[in-house]
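**Student:** I'd like to ask some things about the structure below.
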Amino acid sequence: MRILPRSAFARTVALIALLLFINQVVSYVMVGLYVVKPTMQQISSVVSKQVQGIIVLDQWLSTHEMSAFEKRNLAERYTQAVGIDGFTEKEALANGLQQATIYNFLSEQMSQQLAATTEVRISQDDVYFVWIQTESLEGYWLRVELETFDEARFSPLLFYLILIGALSILGGMLFTNWQNKPLKSLEAAALKVGRGDYPEALPERGSTEVIAVTKAFNQMAQGVRQLEQDRVLLMAGVSHDLRTPLTRIRLATEMMPPSEDALAEGIIGDIDDMNAIIDQFIDYVRVDTQADSDCENLNYLIEDVVGHVPESWQSTIEVHYGEIPKIPMRAVSIKRVLLNLIENAERYGGRRISIETGYHAARESVWVTVSDDGEGIPASQVEHVLQPFTQGDKARAAKGSGLGLAIVKRIIERHNGRISFGRSQKLGGLAVRIELPAAKSDELFANPV
C-alpha cells in the first residue's frame, strides 16, 4: 500500500505541513524552556519568599508572649499586606481548593526553596489563586492571588501555534493550487487532443518551466490540428477525384449492349462497393462540429436505423427497447455506429440479430448491445480488429475496407463512451456493448474544429 502522496500538489502540501510541524514543536519547546519555565521559576521564588515570611512570623509569635487577640491582629495585618490568606483544611475546601489543579513542577520548586515537603495547587477562574501547603505550617493552606499568572499559561500559546499552523497550511494549499492550475488546464487540453478535439491555445502563465511546457504544447496542438485538417482535405480531394471516373465508368457500363448484362452487373456491383469504401473513408476522417450535437433518445435512432436496413438482408432483427433518458450525442455519428455494428452482425453472423438498450444508474450511462449468432471474435483479436484497415481472421476474404469497427471506436471515444466485446448469452455469437454518458458534459462538444 502506497503511503506517500503521488501528486505534486499533495507532496507540496505534505512537505509544508511537515516543516511547519517541526517548526511548531521546536517553537513550543523553546517557548516552554526559555519563556514559561523562567516565569514559573520566578513566580515560585516570589511566592516562596512570601511563605517564608509567614513561617517566620508564625515562629516569632510562638516565642513571644502576647494575647491571642494581639497575635491574631498582627497575623491578619501581615497577610493583608503581603496578599496571602490562611485557611484551615475545612475552610480551604469551602473556598475552592477542591477545584484547584496540582502543579508538580511548582511543588518541587517550592519544596527546594522552603526546605520542606510542599504541595502547590492553582485554581484557574476569573482570578488565579495559588494554594500552598507545607510541613512548616501543618494543617493550614495558604492562598496567594496572582494577577499576572495568565502570562505563563500554555493554552494561549498552543492556540496561537495551532492558528498559525492552520493559516500556513491553508496558504500553502492556495499557493500550490495556483501553481498547479496551469498543469490541470494542460492535462484537460491533452485529453481533448487525444479524443480528436482541438482546444484554443492555452494561456501561458505560471512558473517559467510551466510556461515553457505550455508553449511547447500549444505548438504541438497547432501542428496536430494542421495535420488533421490536411488529412481531411486530402481524403476529401481523393474521394472526390475517384468518384468522377467511377461515375463515367458506371454510365459507360449502363450503355453496354444487352448481351453484356452479366459483365455490366459485375462492374456496377464493384463500383457500388468502391463508393461504399470511399464513404467509409470519409466517415473515418470526418470531424463533427457542435452544430451536429443535440440531446437525443437512443431508442429513436435505433428504430430509424433498423427501419432503413436493405431488404436484401437475410438476418432477422429483434429489438428490445429499455427505458432510457435523452443523452447528449451527435446523432449522425451514432447512427453510423449503429449501422456499422448491425452490418457486421449481418455479414459475419448467422440468421439472427438482437439489439437491446438500457440505462445504468450507477454509472449514469445509456447502453446498447448488438448481438448475433455467428462465430464471434476471439478475445486475442479484439484489439486487432479495432485498428483501421484490419479484419478478423475468418473475414479476410470478405468485402470491405476494414474501417467499420475502427469508425465505431473513434466515434464512441469522441463521445467519452466505452466499447466492449463479449459472448452473447442469448444467441451465442458476438455481443458488442456500447456505453454513452448520460450526464451533460461540457467537454463533449467543446472547442470543435
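The values are calculated or read from the model by the stated rules, or taken from the named source; none is laboratory data. The model shown is predicted, which means the values in this text are computed figures rather than measured ones. Cβ coordinates were reconstructed from backbone atoms using ideal geometry, including for glycine residues, and neighbour counts include every protein chain displayed. Heads up: the accessible areas ignore ligands, DNA and RNA and are worked out on the full protein's heavy atoms, side chains in. Shrake-Rupley method; radii C 1.70, N 1.55, O 1.52, S 1.80 Å.
**Student:** If only one of S293, S315 is surrounded by 11 or more Cβ atoms within 10 Å (Cβ to Cβ), in contact with a Pro (Cβ under 7 Å, 6 or more places away or on another chain) and either modelled with pLDDT of 80 or more or not basic (K, R) (or both), which one is it?
**Tutor:** Residue meeting the stated conditions: S293.
**Student:** In region 96-113, is there at least one residue being open to solvent by 60 Å² or more (accessible area, probe 1.4 Å) and touching a Phe, Trp or Tyr at 6+ places or on another chain (Cβ under 8 Å)?
**Tutor:** There is no residue in region 96-113 that is open to solvent by 60 Å² or more (accessible area, probe 1.4 Å) and touching a Phe, Trp or Tyr at 6+ places or on another chain (Cβ under 8 Å).
**Student:** A further question follows. In region 50-83, which residues are closer than 14 Å to T134 by Cα and hydrophobic (A, V, I, L, M, F, W, C)?
**Tutor:** Result: V51, I54, I55, V56.
**Student:** Which of (1) open to solvent by less than 70 Å² (accessible area, probe 1.4 Å); (2) modelled with pLDDT of 80 or more does A236 not meet, given it meets every other one?
**Tutor:** Result: A236 fails condition (2) only.
Yes or no, residue by residue, for (1) within 56 Å of the chain's Cα centre (by Cα); (2) in contact (Cβ under 8 Å) with a residue 60 or more places away in the chain; (3) farther than 29 Å from W60 by Cα:
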site	(1), (2), (3)
G83	no, yes, no
K90	no, no, no
E119	no, no, no
Q124	yes, no, yes
W141	no, no, no
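This table checks each residue for (1) part of a helix (DSSP H, G or I); (2) at pLDDT 75 or above; (3) surrounded by fewer than 16 Cβ atoms within 10 Å (Cβ to Cβ); (4) not charged (D, E, K, R).
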position	(1), (2), (3), (4)
V144	no, yes, no, yes
L161	yes, no, no, yes
S185	yes, yes, no, yes
A189	yes, yes, no, yes
P199	no, yes, no, yes
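**Student:** Anything in region 122-132 that is open to solvent by 50 Å² or more (accessible area, probe 1.4 Å) and either modelled with pLDDT of 85 or more or more than 18 Å from Q80 (Cβ to Cβ) (or both)? List them, or say none.
**Tutor:** Q124, D125, D126
**Student:** Hey, does region 57-70 have a residue that's part of a helix (DSSP H, G or I), β-branched (V, I, T) and at pLDDT 75 or above?
**Tutor:** Yes, region 57-70 has at least one match.
**Student:** Is it the case that some residue within region 350-367 is surrounded by 20 or more Cβ atoms within 10 Å (Cβ to Cβ), over 15 Å from R433 (Cβ atoms) and modelled with pLDDT under 90?
**Tutor:** Within region 350-367, none of the residues are surrounded by 20 or more Cβ atoms within 10 Å (Cβ to Cβ), over 15 Å from R433 (Cβ atoms) and modelled with pLDDT under 90.
**Student:** Just to be sure, is N180 at pLDDT 85 or above, in a helix (DSSP H, G or I) and open to solvent by less than 60 Å² (accessible area, probe 1.4 Å)?
**Tutor:** no
**Student:** Quick one: which residue in R414, R396 is buried (at least 16 other Cβ atoms within 10 Å of the Cβ), modelled with pLDDT under 85 and either over 25 Å from H320 (Cα atoms) or under 40 Å from the mean Cα position of the chain (by Cα) (or both)?
**Tutor:** After ruling out the rest, the residue left standing is R414.
**Student:** Follow-up. Tell me the strands (runs of 3 or more DSSP E) entirely within region 319-377 that contain at least 1 residues that are more than 23 Å from R410 (Cβ to Cβ).
**Tutor:** Correct list: 352-360.
**Student:** Can you name the condition, by its number, that A252 falls short on among (1) of a type in the set (G, A, S); (2) within 30 Å of the chain's Cα centre (by Cα); (3) at pLDDT 75 or above; (4) open to solvent by 30 Å² or more (accessible area, probe 1.4 Å)?
**Tutor:** A252 satisfies all of (1) of a type in the set (G, A, S); (2) within 30 Å of the chain's Cα centre (by Cα); (3) at pLDDT 75 or above; (4) open to solvent by 30 Å² or more (accessible area, probe 1.4 Å) except (2).
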